[in-house]
1. Of the residues 184, 55, 140, which exhibits the maximal mean-square fluctuation in a Gaussian network model of the chain defined by a 10 Å Cα contact cut-off?
2. Expressed in nm to one decimal, what extension gain is obtained for the pair residue 120 and residue 180 from 0.36 nm per residue of sequence separation less their Cα-Cα distance?
3. Any idea what diffusion coefficient the chain gets from Stokes-Einstein, in µm²/s, Kirkwood Rh on alpha carbon pairs, 25 °C, 0.890 mPa s?
4. By counting other Cβ atoms within 10 Å of each Cβ, how are 58, 45, 136 ranked from fewest to most?
5. Kirkwood Rh over Cα pairs of the stretch 100-151 into Stokes-Einstein at 20 °C, 1.002 mPa s: D in µm²/s?
6. Rounded to the nearest 500 deg cm²/dmol, what is the calculated helix-only ellipticity per residue at 222 nm for the chain, with -39500 (n - 2.57) per DSSP H run of length n ≥ 4?
7. Which of 64, 156, 167 ends up with the largest GNM mean-square fluctuation for the chain, with Cα atoms connected below 10 Å?
8. Just to confirm the number: angle between the C-alpha axis of helix 98-118 and the first principal axis of the chain, 0 to 90 degrees, nearest 10?
Ligand code: HEM
């Protein structure tokens, strides 16, 4: 009985790890790239980027199965893992460090940010269609408030850190980086990716400013 629970937990954890990269991590990168197009102005952003995506066939199905459900699974099981973190640290008192905690804290932070972000864009757009016809103007209005801009920079930082640090952890979880040297090399690559994504995201946020 307990062996099968352990087995299920092991499989769920592997699935959680995989889903963090694909599709959730891949979507985050796409989303940052998509929003970096804001620098080309309202006409390009609303008329080419947003309109192009909205014209895609099967969009609601893609949103549900490629974005919403994988993210809900990753976030839901992530909360279960985060809640058990103290127990794990007691079992392995010397094993994990700041990055172990930051991975969990950033996950909870991203969840709070996403509730506000999705609520004030996608969900608000269902009630108020003007949000979608001029998404650029809507975001410009929000981001011109200094505290909202600061909250977006923080949300971006948490998401990018979580993905970059998560990729580094995946190297160990999936047995790809077994030596200390390989782990060091992957750490540099992940830090580089993190910086690049941070620059892309900031570029996008600044592109919405009046
Ligand atoms: C932008 C959205 C997110 C992305 C791109 C993402 C990506 C990742 C990746 C790639 C990993 C590494 C998997 C591993 O350690 O094997 C990971 C781990 C983790 N994620 Fe996320 N994640 C996101 C949102 C969330 C949210 C909302 C939570 C909710 C609490 C969360 C909680 C966790 C936890 C607890 C881990 C560590 C798992 C472990 O150590 O086994 N993540 N995430």
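Each reported figure results from applying straightforward, stated rules to the coordinates on display, with no laboratory input. Just so it is clear, the structure is predicted and the values come from calculations on it, not from any experiment. Positions of Cβ are generated from backbone atoms using ideal geometry, with glycine treated the same way; all protein chains shown enter the neighbour counts.
1. Top of the fluctuation ranking is 55.
2. 17.2 nm
3. Taking Rh from Cα pairs, D becomes 130 µm²/s.
4. Details: 58 9, 45 25, 136 20.
Fewest-to-most ranking of 58, 45, 136: 58, 136, 45.
5. It diffuses with D of about 175 µm²/s by this estimate.
6. Numbers: 12 runs with 153 residues, N = 210.
Calculated from helices alone, the mean residue ellipticity at 222 nm is -23000 deg cm²/dmol.
7. 64
8. Roughly 30 degrees, rounded to the nearest 10.
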